[in-house]
Amino acid sequence: MRLRPPRPEDFRSPAHTPAVAARIGLWLGVAFTVCFLTGLLSHAAQHPPGWFTWPTRPVSLYRITQGAHVISGVAAIPLLLAKLWSVYPRLFIRPPSRPPGRAVAHGAERLSILVLLCAAFFELASGLFNAVQSYPWRFFFVETHYAAGWIAAGALAVHIGVKLPRIGGGLGERPDPRRRAFLRIAWLSTGAAVLATAGGTVPWLSRVSVLAWRSPGGPQGLPVNRTAAAAGIQVPANWRLAITWPGGTAELTLDELATLRQRTATLPIACVEGWSATATWTGVPVPDLLAAVGAPTRRAIRVSSLEQSGLYATSLLPPAHTADPLTLLALRVNGEVLSADHGFPCRIIAPSRPGVLQTKWVTRLEVLA
Ligand SMILES: Nc1nc2c(c(=O)[nH]1)N[C@H]1C(S)=C(S)[C@@H](COP(=O)(O)O)O[C@H]1N2
Ligand SMILES: [Mo]
């Protein structure tokens, strides 16, 4: 027997057919598209360009888009592995030697797949690590994950464009019981991956989601991402809330804040990592607070915390959120005074706002010009 490199025809399993590749590819394409679009939204909500206003309603909007982002990313992992399994024998296709034009086209098509694979693996792996709050790298997650998302989307568009005839052919093939077993395993693993994690944001799944990175519990019924100790928070005995605006300043003690008219609202806290939870918050609506001290309303506000450093020590409250009566400077959660880990003495809770911007341990509100 003469040894030779394998050829695609040597792989006879029904898993390696265009029909399987096209069916899994279709769902992978759906997962990637949802993930990409919700990723764009999440980025715009956190770093809004000048022309963009992230709406404050419905109050769960960010919870839903970010939940969909993380769930579609989780679903894409088993789908991508199944897709690779279905097509890997094609790695052994030898490039055509003639005419040279076809060899170049073949090479370019392979290169686009390589780019797509690298970007897709990078996105899924870095997203997963971020969700479990592990950062075994030196780059800044947000920017790199965002840039690689565009690369993956571009390479995917090229890939789909090139493969359109094959996709059509694969989807058109008649059902074959032999390939059904493989597809069934792919769908089941995808479903299992989603069920095991989605409970972090879908309350009625919380009991089956054994791998969810944040369980619904925690002090005062809410998970904590960064504790007061981790953030190095010590609330000074003479703590005051400072409010500044062009042409004026005011200071309020916690007692003074507590004597202002309070509002209670049920609002979710929705982390970019995909977990979210609803709580009942009580505090002073930010528009009322500004009016009470005579500061201009309906302008952007820079919120600063007692945290000395850290990426989320400050945040920007855009005008739409400043003007919303559901945007609270919260003093209480679920009927109790905020615990240290949830932001005592006060924190921002605004409707449809990324969790990273719900600044805890607030000490200063700066109304911007
Ligand atoms: N000052 C400050 N506020 C912060 C953070 C932080 O690191 N520092 N973390 C944010 C993140 S990432 C989230 S998801 C929410 C979590 O709020 P919780 O711990 O009360 O659930 O707080 C936000 N507020
Ligand atoms: Mo977060």
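Plainly put, segment 8-205 has a radius of gyration that is 1.01 times its Kirkwood radius, both from alpha-carbon atoms, as the Rg/Rh ratio.
Two decimals is fine: what's Rg over Rh for the chain, C-alpha atoms, Kirkwood radius as Rh?
Taking Rg over the Kirkwood Rh, I get 1.10.
With the simple spin-label model, which puts each label point 7 Å out from Cα in the Cβ direction, the ALA242 to ARG138 separation comes to 3.6 nm.
When you count the other C-beta atoms within 10 angstrom of each residue and take the mean per peptide, 31-37, 206-212 line up highest first as 31-37, 206-212. Only Cα sites of segment 283-323 enter the Debye sum here, all with the same form factor; the resulting log10 I(q)/I(0) across q = 0.18, 0.26, 0.27, 0.32 1/Å is -0.55, -0.89, -0.91, -1.04, listed in q order.
Ignoring ligands, DNA and RNA, what percent of the 1.4 Å accessible area of the chain is carbon and sulfur? Carbon and sulfur: 64 percent of the exposed surface of the chain. Dimensions of segment 1-77 based on its C-alpha atoms, expressed as ranges along the principal axes with the largest first, amount to 70, 21, 16 Å. Per residue, the accessible area of segment 103-183 comes to 60 Å² when a 1.4 Å probe rolls over the protein heavy atoms.
Could you give the C-alpha radius of gyration of segment 219-367 expressed as a fraction of 2.2 N^0.38 Å, taking N as the number of residues it contains?
0.95
For segment 261-301, a Kirkwood radius taken over Cα pairs fed into Stokes-Einstein (25 °C, viscosity 0.890 mPa s) yields D = 202 µm²/s. Helix 141-172 and the longest principal axis of the Cα set of the chain meet at an angle near 40°.
Per residue, the accessible area of segment 219-367 comes to 39 Å² when a 1.4 Å probe rolls over the protein heavy atoms. Expressed as a whole percent, the proportion of Cα-Cα pairs in segment 305-368 lying more than 16 Å apart is 44%. Ordering 244-253, 14-23 by mean Cβ neighbour count within 10 Å, with the highest value first, yields 14-23, 244-253. Counting every C-alpha pair in segment 52-145, the share spaced more than 23 angstrom apart comes to 49%.
Between the alpha-carbon centres of segment 192-226 and segment 1-79 there is a gap of 22 Å. Relative to the longest principal axis of the Cα atoms of the chain, helix 100-131 runs at roughly 40 degrees. Here the Karplus curve 6.51 cos²θ - 1.76 cosθ + 1.60, taken at θ = phi - 60°, turns the phi angles of segment 173-186 into couplings of 4, 6, x, 9, x, 5, 8, 5, 4, 5, 4, 5, 4, 4 Hz, with x standing for Gly and Pro. Of the residues TRP204, VAL115, VAL59, the one whose Cα sits farthest toward the positive end of the charge dipole of segment 8-205, with +1 on the Cβ of Lys and Arg and -1 on the Cβ of Asp and Glu, is VAL115. Proximity of backbone amide H atoms, modeled 1.01 Å from N, is registered between LEU338 and ARG332, VAL333 at under 5 Å, excluding neighbours fewer than 5 places apart on the same chain.
Note on THR227 and ARG261: with the Förster distance fixed at 35 Å, the Cβ-Cβ geometry gives a FRET efficiency of about 0.65. Sequence-distant contacts, meaning Cα pairs under 8 Å at least 6 residues apart, place the relative contact order of segment 1-137 at 34 percent.
Just want to confirm a number: the relative contact order over the chain, from Cα pairs under 8 angstrom separated by 6+ residues, in percent. RCO, the chain: 19 percent.
Electrostatic tally near VAL333: other residues with Cβ closer than 12 Å to its Cβ, Lys and Arg +1, Asp and Glu -1, net +1.
Computed from backbone phi, the HN-Hα couplings of segment 266-281 come to 9, 9, x, 10, 10, 6, 4, 6, x, 7, 8, 7, 9, 9, 9, 10 Hz, rounded to whole numbers (Karplus: 6.51 cos²θ - 1.76 cosθ + 1.60, θ = phi - 60°; Gly and Pro given as x).
Only alpha carbons enter this Debye calculation for segment 100-236, each as an equal point scatterer, and the log10 of I(q)/I(0) it gives at q = 0.18 Å⁻¹ is -1.22. Across segment 75-85, computed HN-Hα scalar couplings (Karplus, 6.51 cos²θ - 1.76 cosθ + 1.60, θ = phi - 60°) run 5, 5, 5, x, 5, 5, 5, 5, 5, 5, 4 Hz from first to last residue, x flagging Gly and Pro.
The values are calculated or read from the model by the stated rules, or taken from the named source; none is laboratory data. From a predicted model like this one, the values you see are computed outputs, not experimental measurements. Positions of Cβ are backbone-derived with ideal geometry, glycine not excepted, and every protein chain shown enters the neighbour counts. Each accessible area value is taken on the protein alone, full model and side chains, heavy atoms only, with ligands, DNA and RNA left out. Shrake-Rupley method; radii C 1.70, N 1.55, O 1.52, S 1.80 Å.
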